[in-house]
Amino acid sequence: MLKEFLKDFDGSLIDKALEELSQEFNGDRGIILKCSNQGYEFVTNPIYFEEVKKFLSPKNFKRLSQASLEILGLLAYKGPLTMAEISYYRGTNSSSTLKYLLEKGLIKINGKKKVQGKTSTLFSLSENFFRYFNINSLDELPSIEEIKEVIEE
Amino acid sequence: MEDGFRIDLGFFEGPLDLLLFLVKKEEVSIWEISLTKITDEYLRYLEEKKFINPSREADFLLMASILIHLKSSRLLPKIKLEEGEEDEEYALRDRIETYGIIKNFAFALKKLEESVNIIRKGKVEEFEKQIIIEFPSLYDIAKAFIEVAKRKEQEESIPYRERKVSIEEKISELLSVLRIENKIKLLEYLENSKSIEEIIVTFLAVLELIRRGIIIAIQRREFGEIEIKLWRKGSKERRDYAQRIN
């Protein structure tokens with residue numbers, strides 16, 4: 001909707017406005033404008049993290065389960081997979097964890113795939129995944145080579 | 001959220017883990033695994049267990065038999081693997097390798113998750129509730145008081161020491177009150193205590209006086225108020241008590 005509204009706008013004007021905002025929301029301010037591959041967003045300043053944290057219930061900082069982390073790691077490594085493939089690689093049923101990750105918006109449905117005449121849904125990492133882990137791309141995770149080295153040791 | 005499929009034995013969990021763990025422990029590729037060793041270790045593991053999960057053990061048996069099949073095919077010369085078997089071999093290797101990789105990825109993601117130091121949103125209702133109920137906590141307030149008290153002490157250095165009441169002192173206090181007032185309502189009396197310590201001392205003093213047979217504690221009905229009175233010869237209470245125990 002915003003895109004529609006802004007379609008006649010000069011893009012450079014928006015860039016300039018964002019640039020100005022970034023400069024203003026910077027340094028030791030409580031809220032800063034964060035720029036990443038996922039775009040711009042207002043977030044709390046990292047230097048006040050511990051203070052801000054005190055005001056929020058621990059519910060806001062609930063950590064992901066081992067099962068969730070494994071599925072995200074699998075999708076980061078293998079790309080889009082079906083539920084059956086995910087369960088296969090993990091050696092255990094993963095449907096409830098997948099549902100949770102979908103609800104949390106960390107994964108998304110990414111098309112369909114036909115396996116032996118049966119159509120299955122493909123799952124992949126969502127944009128929100130990168131926001132959640134505060135990274136720009138998968139390059140910020142250890143590379144497969146690095147991991148393989150660790151396993152070899 | 002966690003799948004109830006795993007049994008935690010400290011050093012391994014799940015059939016794939018078991019294999020991976022053993023592969024790692026042997027420090028050989030899956031092509032050089034000693035199947036006897038794996039079988040022995042698996043049997044020992046089964047013996048140690050009181051309960052087994054049939055579907056898990058079936059998984060292990062399936063994989064072990066694939067391994068045995070692959071290995072025996074390798075050991076016998078000039079027998080080419082059939083097409084399906086080669087696929088199987090590849091699939092198994094892929095699965096084990098992938099499993100090791102996602103375990104490591106999961107660990108890396110966990111570390112990342114812990115390092116996130118920005119907040120995008122926190123529910124406003126929770127935020128308000130938090131301030132009313134938990135912020136600042138009693139502990140915070142107490143801490144502030146202690147700090148101020150410490151500072152004051154340093155500044156003025158007024159020798160202030162709470163007077164400690166001994167049990168004997170409390171006993172004579174109780175007795176002198178009882179001589180004048182006939183009875184003491186225990187709860188009311190305790191509420192005038194200056195410290196927890198004094199409450200405890202009073203409690204011990206009351207018990208001591210009861211033990212020595214000097215006073216009696218009376219509760220006229222269930223959950224009613226407890227009163228203490230002097231244990232006088234010929235008093236109504238003493239007659240009641242004598243009747244009860246006879």
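Brief remarks on what is shown
- Qualifying residue in the stretch A:111-120 (condition: surrounded by 17 or more Cβ atoms within 10 Å (Cβ to Cβ) and over 24 Å from B:Leu92 (Cα atoms)): no
- Residue satisfying all of: in the stretch A:6-27; at pLDDT 85 or above and not charged (D, E, K, R); farthest from B:Asn117 (Cα to Cα) among these: A:Ala17
- A:Ser95 loosely packed, with under 13 Cβ neighbours inside 10 Å, of a type outside the set (A, V, I, L, M) and more than 17 Å from the chain's Cα centre (by Cα): yes
- Check on A:Lys118, more than 7 Å from chain B (Cβ to nearest Cβ) and under 15 Å from B:Val116 (Cβ atoms): no
- Search result, residues across the stretch A:24-56 that are of a type in the set (Gly, Ala, Ser) and either assigned by TED's automatic domain parsing to the domain that holds A:Glu127 or under 20 Å from the mean Cα position of the chain (by Cα) (or both): A:Ser36, A:Gly39
- In the stretch A:28-49, the residues that are farther than 16 Å from A:Asn134 by Cβ and either among the charged types (D, E, K, R) or at pLDDT below 80 (or both): A:Asp28, A:Arg29
- The combined condition, being among the charged types (D, E, K, R), exposed (fewer than 14 other Cβ atoms within 10 Å of the Cβ) and in contact with a helix residue (DSSP H, G or I) (Cβ under 8 Å, 6 or more places away or on another chain), is not fulfilled by A:Arg90.
- Residue list for the stretch A:70-80, restricted to those being crowded, with 23+ Cβ neighbours inside 10 Å and among the hydrophobic types (A, V, I, L, M, F, W, C): A:Ile71, A:Leu72, A:Leu74, A:Leu75
- Entirely in the stretch A:1-79, the helices (runs of 4 or more DSSP H) that have 3 or more residues that are more than 9 Å from chain B (Cβ to nearest Cβ) and within 20 Å of A:Gly105 (Cβ to Cβ): none
The values are calculated or read from the model by the stated rules, or taken from the named source; none is laboratory data. No experiment lies behind these values; they were computed from the predicted model shown. Cβ sites come from the backbone with ideal geometry, for glycine too, and all protein chains shown count toward neighbours.
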